[in-house]
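Scroll down for the structure; my scribbles are underneath it.
None of the figures in this text is laboratory data; all of them are computed from the coordinates on show. This one's a predicted model, so the numbers in the text were calculated from it and none came from an experiment. As a convention, Cβ positions derive from the backbone with ideal geometry for all residues, glycine included, and neighbour counts pool all protein chains shown.
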Amino acid sequence: MPKLNRRQFSSIAATSLMAGSAVKNTQAQSPNEQLGVCIAGLNGRGGEHIRGFDKDPRTTIRAIVDIDEEVGNRRADQIAKLQGKRPELFTDVRRALDTDGVDILSVATPNHWHALMGVWAMQAGKDVYVEKPISHNIHEGRALVEAAARYGRMFQTGTQCRSSQAVKDAMQHIADGGIGECNFARGLCYKRRKSIGALGNYDIPGNVNFDLWSGPASLTDPKLTRQRFHYDWHWQRHYGNGDLGNQGPHQTDVARWGLGVNRHPNSIISYGGRLGYKAERKDESYVDAGDTANTEVSIYDYGDKCIVFETRGLDISTSSGKEVEAMFGSGGGNKIGVIFYGSEGYVAQVRYDYCKAFDKDFNTVKEFKSGGVGDAHFANFIDACITREYGSLNADAMTGHLSAGVSHLGNISYYLGEQNHASTEEIESAISKVKSLDNNVVTLQRTVEHLRANRVDLDKTPLSLGPMLQFDNETEKFTNNDAANELLARDYRDGFVVPAGDKV
Ligand SMILES: NC(=O)c1ccc[n+]([C@@H]2O[C@H](COP(=O)([O-])OP(=O)(O)OC[C@H]3O[C@@H](n4cnc5c(N)ncnc54)[C@H](O)[C@@H]3O)[C@@H](O)[C@H]2O)c1
């Protein structure tokens, strides 16, 4: 698969801009002209996109797209109040991309739509802001990277930590040797997630277009197997990527950034399960509608560097371990962030706007603070849409691809091993041989304690152990597992195909 280096990219971008190219609405408006924005997907996160673009005087929201009529109308009314003019409301993003006056598409739909909307928009000459994870699988991330280069479009990934001064300063502190030599990062998503209700056959709400909602994902039968239409798709792998691919990309991105790894890992192994909901309901026959892991540990080897990502969705009051407790506090509050382990101390990214450096005894030695992280990220994107400087983007397509990729690769190991139920001893024996800068056995023991504290009976509902996967950074293929390669892309529905990167 051909890849473009920075120089080739700039030359294509410049050529397409100079030629006016196939691209309709390219660039930089006159200073008095506002850039027209279309936002797709408005139920939850779309509200922040409205805020970001409404706040910036250089943009105006001209169109919105939602397949839920009720959500679309509610948001159109809200924007009318904010801007004094109602945006055009669409159900189908393709119609919106044909509209005059739209320069930017901003995507906050479910994950399975991100890449296709991004590719279509760039083909139509729009710049794009795409929520994390920018892709539902590796193939889609690559398609976005290539499309941004081919069409010379600005692309911002919705990982707003990249525009946080606090995180930038903390990453610089690591790069400057502030904690000595640092080769290992632990990403944390200790975030309580309750069961989404029983697997079933539920009615599709009358106000939504399910065909368009499904888009690139095949139509399911029964159509809706979860109770709540919006948001809970995150925990159904047909559409979402579990918490490793939901909250995770914020932290996998920071982990890569701090370690300076701008590539995919060499190898990956995950263990975990969707556990604890039977015990919570006191019903052995209960089947939750989600099929992504709520407990997952993924170990990534980058040669001389290593990332371990821990996802916990059950009660998180106990079994965090001394570093996590020292940096994120003990007790039941969410613990979401990254710990960097240096030879002389630690850095913890504790919030999007707050990081701390510690010495080896966990005494705080430095704090990094900032505000307005989300606004700064939209502003950075808008700056680039005006200057046409792709290199000025804080979270370009490749950044988004690699960081989403960490989640996808971890999930592939988990999905392939899902039926490989293993005792704690078997997992311990397997992971103690895995190359890692973490103490793999201690992390497993903490995970097991955490599950026991949540009344998970591991004899009845054991953990699953995924295969150790070797990944080739250049070809973006696994070298030791054909079944894993099958999971790098999906079977697309006719009319909703995300093209291969070299065909966008
Ligand atoms: N950057 C962040 O901090 C952050 C925070 C929350 C969510 N997110 C991301 O934002 C995205 C949306 O999450 P959410 O919680 O708002 O989900 P949600 O399910 O609440 O909302 C998604 C919206 O997209 C609409 N939609 C679905 N298919 C569509 C289509 N084809 N065209 C137009 N609209 C469509 C739905 O009707 C719904 O209104 C996710 O990818 C999530 O990962 C990012």
Legend entry - Helix axis angle, 440-453 relative to the chain longest principal axis, alpha carbon, degrees: 90 degrees
Legend entry - Share, in percent, of DSSP beta bridges within the chain that are antiparallel, nearest 5: 65 percent
Legend entry - Per DSSP, loop GluC sites (Glu not before Pro) in the stretch 214-298 with at most 14 further Cβ within 10 Å: GLU284
Inset, instruction - First check a/c for the stretch 103-230, with a ≥ b ≥ c the square roots of the eigenvalues of its C-alpha gyration tensor; if it is under 1.5, answer rounded, and if not, answer prolate when a/b is larger than b/c or oblate otherwise. - result: oblate
Legend entry - Over the chain: helical MRE at 222 nm, DSSP H runs n ≥ 4 each giving -39500 (n - 2.57), nearest 500: -10500 deg cm²/dmol
Legend entry - Amide H contacts under 5 Å for LEU224, placed H, 5+ residues apart: TYR202
Inset, instruction - Please sort by residue number the trypsin sites (Lys or Arg not before Pro) in the stretch 282-318 whose DSSP state is loop and whose Cβ has at most 10 other Cβ atoms within 10 Å. - result: LYS282
Legend entry - Area projected by the alpha carbon convex hull of the chain, averaged over all directions, nm²: 22.6 nm²
Inset, instruction - At 7 Å along the Cα-to-beta-carbon direction for both ARG455 and GLN470, put a label point, then send me their distance in nm to one decimal. - result: 4.6 nm
Legend entry - Nitroxide proxy distance, nm - points 7 Å out along Cα→Cβ at THR364 and SER317: 2.6 nm
Inset, instruction - Please label the shape of the stretch 186-284 as rounded, prolate or oblate, based on the square roots a ≥ b ≥ c of the eigenvalues of the alpha-carbon gyration tensor (a/c under 1.5 means rounded; beyond that, a/b larger than b/c means prolate, else oblate). - result: oblate
Inset, instruction - Round to the nearest 0.05 the FRET efficiency obtained for ASP283 and GLU426 when R0 = 30 Å and r is the Cβ-Cβ distance. - result: 0.60
Inset, instruction - Report the calculated FRET efficiency for ALA483 and ARG45 (r = Cβ-Cβ distance, R0 = 25 Å), to the nearest 0.05. - result: 0.15
Inset, instruction - Pull up all non-local amide H partners of GLY342: gap of 5 or more, or a different chain, and H-to-H distance under 5 Å with H placed in the peptide plane. - result: VAL347
Inset, instruction - For the pairs LYS126/LYS191; LYS322/LYS369; LYS55/LYS369; LYS81/LYS132; LYS168/LYS305; LYS191/LYS356, note any where the Cα-Cα span goes beyond 32 Å. - result: LYS126/LYS191
Legend entry - Modelled FRET efficiency - R0 51 Å, ASP98 with ASN262, Cβ distances, 0.05 increments: 0.90
Inset, instruction - Just need log10 I(q)/I(0) for the stretch 274-410 at q = 0.12, 0.17 Å⁻¹, Debye formula, equal scatterers on the alpha-carbon atoms, no solvent, rounded to two decimals. - result: -0.72, -1.19
Inset, instruction - State, to one decimal in nm, how far the label point of ARG493 lies from the label point of ASN439, with both points 7 Å from Cα in the Cβ direction. - result: 5.1 nm
